[in-house]
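First comes the structure, then the notes that go with it.
Read-outs throughout are calculated quantities, based only on the coordinates presented, and are distinct from any laboratory measurement. Source: prediction; values computed, not measured. Glycine also receives a Cβ, built like all others from the backbone with ideal geometry; neighbour counts cover every protein chain displayed.
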Amino acid sequence: MLSRRSFLAAGLTSGLPSLVPSAGFGEPFTLGIASGDPDPGGFVLWTRLAPEPLAEDGFGGMPDTPVPVDWQVFADPAGKRVVRSGTHLAVREWVHSVHVTVTGLRPGRPYWYRFKAGPYVSPIGRALTAPAPGTTGTPLRMAVCSCANYQHGYFTAYAALAAERPDLVVNLGDYIYEQGSDHLLGPGGNVRDHGGPEAMTLTDYRRRHALYKTDPDLRAAHAAAPWVAVMDDHEVLNNWTNLIPAVRRAAAFRAYYEHMPLRPAARPGGTAMQLYRRLRWGGLATLHVLDTRQYRDPHLCGAGFHDCPAPDGPSRTMLGLDQEQWLLDGFHRSRARWDLVCQQIFFGQRDRDPGPGRLVRQDAWDGYTAARMRVSEGWLQAGARNVAVLTGDVHAHWAGDIVLDYDDPASRPIGAELAVTSITSGGDGRDIDPATDALLNGNPHLKLHLSHRGYLMVDVTMTTLTAAFKIVRYVSRPGATAETAATLALQDRVPGLVTALA
Ligand SMILES: [Fe+2]
């Protein structure tokens, strides 16, 4: 990271930035910078001007007036060779956030970028373009993460994944938590404080997003690589479905967009937000990014683990009809070596009842079994060459085979699921976890479970997809180092997990 003030006029570098009269505001890049959703010609760039990130009114201490924000894209990390530049007018209506769609770049290479507002210059961030369509020579290294509860711990795992310089960071949701300061993590209590009650209003959600981005480890993760982000439930409300009040849903969506490196196509209109989308890494991998919240039917028996007597009928939907058809069409059209389904909730069955009953989590695909079958059979019928489902939500690392009939031990794998643990949610992890050990034993398609915090580092080549299960042994204080606790691989044309390397 270069000095953010390297471009400042010498006379302005001394003294407090907030006293600089010409800009009318103080140092505005407190929430960091970000890039996202790369394609072969570019990516989106994000920042938000907020000299007082936690200002009570949610506007970050900015004046009412629009502010021009200059942006530059460089071919070199030192920021000497400008290849694209422009100016975006940041307005109060969108809390002076900036979403710039950069186009016309060369495919399959890194770029760097920064912003300038008034006399202030941001740090330099690193982005990448996707490889050219159909090309297969560029491997993909992506960090996968989810579930970062600020109150539960330090974002050490974000710093660790940033240090690995992945090509992409895939965030599968629970990027913030809506809960209030009074929402305690077990007997150990909270490590940090949300500084207010449960987020309900647009102002609340804006301040909560800003609080999270005051964390330097989170800012480092954004600056290190482009993100592909999708929300789960806690960006709005725990386990929400489409029954949530419209005003709250619209507020949460708007604040999410304002704070994330999403393309302008995702800018919400009221209660609707286009989050499901497809990204291609040449002919190597296609990422189908799903939205499992907005279009789903309500729970039949609550969100938790229940043996639900109500019929999970064939008309029930997780994705909504349009998104489901879009996904199945995507499998049919895909020519990628790997189809990666990036989504929020556990896909395969996890049955806690050792007997004939089905004690499963109703909020996950286990509560929408007909929809799961349509998607699973869909990729089989489409002839998708290799399918891996990447999952968040569960606050533990899991890996398992995906089968069509979980009650038939002879049902053969049709793909694999890799579920990433939380960045912090749940607090410090543990080595032994009897309840989940029982789940492993009772569900033979599940192969691995780790109750620590961390992230996944996934390396994709034409022959192999390798997942390193990274853990940090504590988050209740800073400073843990990331370790590779296990490594699993998938091989081309071999459905399911094939190799335990460590
Ligand atoms: Fe979570």
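Numbers below:
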{"read-out": "Relative exposure of Ile244, Ile402, Ile124, judged by other C-beta atoms within 10 Å (fewest first)", "value": "Ile244, Ile124, Ile402"}
{"read-out": "Residue (of Gly108, Val191, Pro261) at the positive-pole extreme of the chain, dipole from beta-carbon charges", "value": "Gly108"}
{"read-out": "Per-residue HN-Hα couplings for segment 92-97 [Karplus 6.51, -1.76, 1.60; θ = phi - 60°; Hz; x = Gly/Pro]", "value": "4, 3, 10, 6, 6, 8"}
{"read-out": "Nearby lysines by direct alpha-carbon distance to Lys116 (threshold 18 angstrom, same-chain neighbours under 8 apart not counted)", "value": "Lys80"}
{"read-out": "Distance in nm between pseudo-label sites at Thr201 and Arg493 (7 Å out along the Cβ direction from Cα)", "value": "6.2 nm"}
{"read-out": "Sites excluded, GluC sites (Glu not before Pro) in DSSP loops with at most 16 other C-beta within 10 Å, longest stretch of the chain", "value": "199-502"}
{"read-out": "Proximal charge balance of Asp407 [Cβ under 11 Å; K/R count +1, D/E count -1]", "value": "-2"}
{"read-out": "Three-way shape label, segment 223-343, alpha-carbon gyration tensor, a/c 1.5", "value": "oblate"}
{"read-out": "Segment Asn239-Asn441, extension gain: residue separation times 0.36 nm, minus the distance between their alpha carbons", "value": "70.0 nm"}
{"read-out": "Whole-Hz couplings from phi, Karplus 6.51/-1.76/1.60, listed for segment 30-43; x for Gly and Pro", "value": "5, 9, x, 9, 7, 10, x, 6, x, 10, x, x, x, 5"}
{"read-out": "Semi-axis lengths, Å, segment 112-232, gyration tensor of Cα atoms, sqrt of 5 times eigenvalues", "value": "30, 18, 13"}
{"read-out": "Sparse-neighbourhood loop sites, trypsin sites (Lys or Arg not before Pro) in segment 329-379 - DSSP loop, at most 12 other Cβ within 10 angstrom", "value": "Arg335"}
{"read-out": "Using a Förster distance of 60 Å, the FRET efficiency for Ala410-Leu184 (Cβ separation, nearest 0.05)", "value": "0.85"}
{"read-out": "Prolate/oblate/rounded call for segment 10-128, Cα gyration tensor, a/c under 1.5 rounded", "value": "prolate"}
{"read-out": "Alpha-carbon Rg/Rh ratio, for segment 353-463, with Rh computed the Kirkwood way", "value": "0.97"}
{"read-out": "Segment 294-344: chymotrypsin sites (Phe, Trp or Tyr not before Pro) in DSSP loop, at most 10 other beta carbons within 10 Å", "value": "none"}
{"read-out": "Total charge dipole magnitude, the chain, about the Cα centre, Cβ charges on Lys, Arg, Asp, Glu only, Debye to nearest 20", "value": "1860 debye"}
{"read-out": "Beta bridge orientation in the chain: antiparallel %, DSSP, nearest 5", "value": "75 percent"}
{"read-out": "Antiparallel DSSP beta bridges within segment 162-309, as percent of all bridges there, nearest 5", "value": "65 percent"}
{"read-out": "20 Å Cα-Cα reach of Lys470 towards lysines, excluding residues that sit fewer than 8 places from it in its own chain", "value": "Lys447"}
{"read-out": "16 Å cut-off, amide nitrogen to a point 7 angstrom out along Trp326 Cα→Cβ, residues in segment 238-276", "value": "262-276"}
{"read-out": "Summed side-chain charge close to Ala364 - residues other than Ala364 whose Cβ falls under 13 Å, Lys, Arg +1, Asp, Glu -1", "value": "-1"}
{"read-out": "Rg to Rh quotient for the chain, alpha carbon positions, Kirkwood Rh", "value": "0.96"}
{"read-out": "Under 12 Å, Cβ to Cβ, from Arg280 - net charge with Lys/Arg +1 and Asp/Glu -1", "value": "+2"}
{"read-out": "Cysteines in the chain that, by Cβ-Cβ distance, have no pairing candidate under 4.7 Å", "value": "Cys145, Cys147, Cys342"}
